[in-house]
1. Give me the orientation-averaged projected area of the Cα convex hull of the chain, in nm², one decimal.
2. Using the Karplus curve 6.51 cos²θ - 1.76 cosθ + 1.60 with θ = phi - 60°, work out ³J(HN,Hα) for each residue of the range 68-73 in order, rounded to whole Hz, and write x for Gly and Pro.
3. Hey, what do the phi angles of the range 318-328 turn into as Karplus ³J(HN,Hα) couplings, whole Hz, using 6.51/-1.76/1.60 and θ = phi - 60°, x for Gly and Pro?
4. With label points built 7 Å along Cα→Cβ from the Cα atoms of Ser101 and Asp37, find their separation and express it in nm.
5. Excluding ligands, DNA and RNA, what is the solvent-accessible area per residue of the range 1-106 at a probe of 1.4 Å, expressed in Å²?
6. Count the lysine pairs in the chain whose Cα atoms sit under 22 Å apart, keeping only pairs 8 or more residues apart in sequence or on different chains.
7. Counting DSSP beta bridges with both partners in the chain, what percentage is antiparallel, nearest 5?
8. Averaged per residue, what accessible area in Å² does the range 186-292 show with a 1.4 Å probe, protein chains only?
Amino acid sequence: MNSPKSCVIVGAGLTGATAACELARQGFRVRVYERADVIGGHVRTEWLRGIPYEPHGAHIFHTDDTAVWNLVSKYTDFVPYQHRVTIRVRSHQLSWPLQRSELSRLEEWPQVERELASLPPAPDTTNFATYCRSLMGQTLYDLCVRNYTMKQWGRAPEELSASVAVNRVELRDDDYRGLFRDRHQGWPERGYTDLVENLLDSAEIHLGQPVTCDDLAEIARPGEPVVVTSALDDFFGGELGPLEWRGVRLVSQFLPGITLSQASMVVNEPDLAVPWTRTIETKWALEKLHDVPGTIVLREYPGAAAKHYPVPDSAGRNKALQAAYEAKLAACTRNPLVAAGRLATYSYINMDQAVRQGLDTAHRIARTA
Ligand SMILES: Cc1cc2nc3c(=O)[nH]c(=O)nc-3n(C[C@H](O)[C@H](O)[C@H](O)COP(=O)(O)OP(=O)(O)OC[C@H]3O[C@@H](n4cnc5c(N)ncnc54)[C@H](O)[C@@H]3O)c2cc1C
């Protein structure tokens, strides 16, 4: 007999933890199976000598979804932080997104100015490269975007869909230098691991337990709902072939005597001669630490065998393979399987969307239990 008030969750990242929290609040017994030996997934924060760093990359919470903001703020304390990114172009440090008022510093300014005066009225969405060129002209694109994109994605920008650039590449003229414009923005004072730990407080957690569909008979009773937040090619043992991802490798360095080592939390490096794409200094998020000696910087190198960014190829091959895996998930008769989160939906989602998906998934399961 299946229990109407219990549920299995595969993955203890932000999506799985939010679903676990909401289901437990609604009276479910929740069991979470996590492949790693630690919880938190991609948003995990680590600390060294009181200084935070993020082994999987910089994370800033930003959202217009007030219910999501209220939920995460209930489970950990956020401090205000407005994220800023700079981009190094030779000896210049420019704001990212680019601001028109800073561009006259560039030696190429006369050419840039001419190109900006003759931009098309609407962006060209043929592919990533056409979109960016139609937004900022050839010269700025070459200086700031093309090489960075080639490093980050390991392929020509023409092979990427314009959707990768929409909402990420901008040319601003309002002198607003925050990366995000959302109503709610912040950084958790004790790091994201604290948030995930608190969300998982009522769940039974099994660490070091990778799960595939072959394990369902062992971990879930027939008919018991299972939330899958792992990648579907992993969950189905790669049966239809691997989904393509672009991964990054982060290399950390502790700098003992230094309070802050760079101009902003993230510095982008578009120069092809620099092998890393950006440098991250998470300490920027906590103002109370700014005068404390010692900082940690992480250089992000592209091209690691890790599932960080789904690859939106302009031919749509990866989307089609994901759809085939989703059809397999829907056809499972032993358990109702629900895909949620960045890995299982093969999509780049921000943390607020992960929390929203976790909540919506829990509500869907609770409605049908
Ligand atoms: C480089 C980078 C920077 C980012 N920066 C930001 C940012 O600044 N702001 C923002 O809002 N968002 C950011 N994001 C997005 C954010 O990381 C995601 O929204 C969030 O991690 C999604 O959580 P998740 O639980 O869906 O996935 P994950 O965190 O990946 O969690 C999935 C969990 O499932 C586990 N798992 C996987 N396979 C199995 C298996 N077979 N069996 C059992 N367990 C398994 C994994 O170990 C992991 O713990 C960034 C993403 C990247 C890649």
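1. That works out to 19.1 nm².
2. After applying 6.51 cos²θ - 1.76 cosθ + 1.60, I find 5, 4, 4, 5, 5, 6 Hz.
3. Result, rounded to whole Hz: 5, 4, 5, 5, 4, 4, 5, 5, 5, 5, 5.
4. It works out to 5.1 nm between the two label points.
5. 42 Å²
6. So the count of such lysine pairs works out to 5.
7. 60 percent
8. Normalised by residue count, the accessible surface of the range 186-292 is 43 Å².
The values are calculated or read from the model by the stated rules, or taken from the named source; none is laboratory data. Everything quoted here is computed from the prediction, not taken from an experiment. As a convention, Cβ positions derive from the backbone with ideal geometry for all residues, glycine included, and neighbour counts pool all protein chains shown. Calculation scope for accessible area: heavy atoms of the full protein, side chains included, ligands and nucleic acids excluded. Shrake-Rupley method; radii C 1.70, N 1.55, O 1.52, S 1.80 Å.
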